[in-house]
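Shown next, in structure tokens, is the structure this report addresses.
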Amino acid sequence: MNNKIKAAVAGAVLASASVANAGITWDAGEWTVDMNGNVNAFAIFSDAKDATGPAGGLAATQAAATEADSDSVAISTGLLPAWLGFTATTRQNDIDTSVTISFQPGMGANQALGGGGNTENRQAFLTFGDKSWGSVKLGKDLGIFGSTAILNDMTLLGVGATGGTVHNGGAAGTTTTLGGIGTGYLYADWKGQFAYTTPNMNGFSATLGITQPWNATGGLSGNSSGGTDQPAFEAQVSYSWTGDFAGKVWGGAFSQEVQGLGAGNTSDDAQSFEVGVSTSIYNINLVAYGYSGEGVGTTGMLVQGFDTTGSARDSDGGYLQATYVIPMGTKLGVSYGVSKLDDNTADAGANLVKENNRVTVGAYHPLTKHLNLVAEYSHVESESHLSTQSDSEQDIMSVGAILFF
């Protein structure tokens, strides 16, 4: 796939030959139009072990402190939302140009009169460039920092973690599940950006960009910071190679000034670094990834990144993943991820998440060139900094299918 849905399914393309490499295309005058997307649906069975959990915990909790409320079922999309995207491309005056707009309809609701669920618009951007000097992107698309981490996550074809409460299994009525977000990597998210990507130079490439700055949020941050007079800065460099032992290594960085912190209305910098590698030999693929930052928080960028005084919290995490394609074409995989958030002196006595971790085992079978059947099991744990608070745990089973076009 080219510039449209690749931001959502590139990792799936790398991991499964059953995913198509193009959508439905046709010529319209000087333009080539590509309509593409996916529809997926999963039956998600959740077992929440605990009634409460720490702020920022991703293990779903019970609706009440009774065993009868520990189980739930949801019919929902997985980590990928249902997707319909349109990309139009042309070449004029020796410049390749394109425009992409996409829509992500929600699966539905979990109560009467809920309608058709939420609908998102994650992409609206233009690009222009040439293979000799690179390309420029303007508009809203997947962020730069953390993007390759999510695109290599095997749960992109499935469900992974769900979050939420047992009322809905953390899934029904939402647009997507969490996959490995918050248990191994920070969410790249969908954000406005001006970005430049170099041409491919014998496997090496780099992307540099300014992006829409986020507000700092979180139940224990004591604030939702105001705007800033500076954009966020994001970058990623990578080197890819082919052959019997193919792979890719990458590194990235994020930096943003955050204002309006704490009672003193102070400002500080949030910053993070990442590194990862994905290698394939025969039918085996291995992925290792890690990140470390200050003020970036956990799960989502700048979520619980600062305490009530405006001081930055440190955080780090990563994931390890191994997949193997058996002779019948089924991809079997196992993934372990963890995201940690340090506390500060101001957090003493607060039920703040210390760690979210997840183990996922999955089977992804290509029934046709475009259709994958998926079965996953995930165990999610959330640990609190507060010693008197018990950790929360959740088991998740899911079965379903995802169809790309």
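The values are calculated or read from the model by the stated rules, or taken from the named source; none is laboratory data. Keep in mind it's a predicted model, so treat the numbers as computed, not measured. Don't worry about glycine lacking a Cβ; one is built from the backbone with ideal geometry, like all the others, and counts go over all protein chains shown.
Structure summary
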| read-out | value |
| --- | --- |
| Restricting the stretch 256-266 to residues that are part of a strand (DSSP E or B), at pLDDT below 90 and polar (S, T, N, Q), the residue that is nearest to Phe245 (Cα to Cα) | Gln259 |
| Residue in the stretch 288-296 that is touching a helix residue (DSSP H, G or I) at 6+ places or on another chain (Cβ under 9 Å) and crowded, with 19+ Cβ neighbours inside 10 Å present | yes |
| Restricting the stretch 73-130 to residues that are in a strand (DSSP E or B), hydroxyl-bearing (Ser, Thr, Tyr) and modelled with pLDDT under 95, the residue that is surrounded by the most Cβ atoms within 10 Å (Cβ to Cβ) | Ser76 |
| Check on Tyr324, modelled with pLDDT of 95 or more, surrounded by fewer than 16 Cβ atoms within 10 Å (Cβ to Cβ) and aromatic (Phe, Trp, Tyr) | yes |
| Yes/no for Thr177 being modelled with pLDDT under 95, touching a strand residue (DSSP E or B) at 6+ places or on another chain (Cβ under 7 Å) and within 22 Å of Leu156 (Cβ to Cβ) | yes |
| Leading residue by the ranking (farthest from Phe405 (Cα to Cα)) among those in the stretch 360-370 that are surrounded by fewer than 18 Cβ atoms within 10 Å (Cβ to Cβ) and touching a strand residue (DSSP E or B) at 6+ places or on another chain (Cβ under 8 Å) | Val361 |
| From Asp307, Asp314, Asp342, residue being at pLDDT below 95 and charged (D, E, K, R) | Asp307 |
| Extreme residue, surrounded by the most Cβ atoms within 10 Å (Cβ to Cβ), among residues of the stretch 374-405 that are touching a His at 6+ places or on another chain (Cβ under 8 Å) and of a type in the set (Val, Ile, Thr) | Ile396 |
| Odd one out for Phe204, checked against (1) at pLDDT 95 or above; (2) hydrophobic (A, V, I, L, M, F, W, C); (3) under 26 Å from Ala348 (Cβ atoms) | (3) |
| Residues satisfying the stated conditions in the stretch 246-259, i.e. among the small types (Gly, Ala, Ser) and farther than 21 Å from Ser315 by Cα | Ala246, Gly247 |
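Listed here are the residues, each with its yes/no results for (1) touching a strand residue (DSSP E or B) at 6+ places or on another chain (Cβ under 9 Å); (2) at pLDDT 95 or above; (3) crowded, with 22+ Cβ neighbours inside 10 Å; (4) on the phi < 0 side of the Ramachandran plot.
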| position | (1), (2), (3), (4) |
| --- | --- |
| Ile144 | yes, yes, yes, yes |
| Gly184 | yes, yes, yes, no |
| Thr198 | yes, yes, no, yes |
| Gly226 | yes, no, no, yes |
| Ala235 | yes, yes, no, yes |
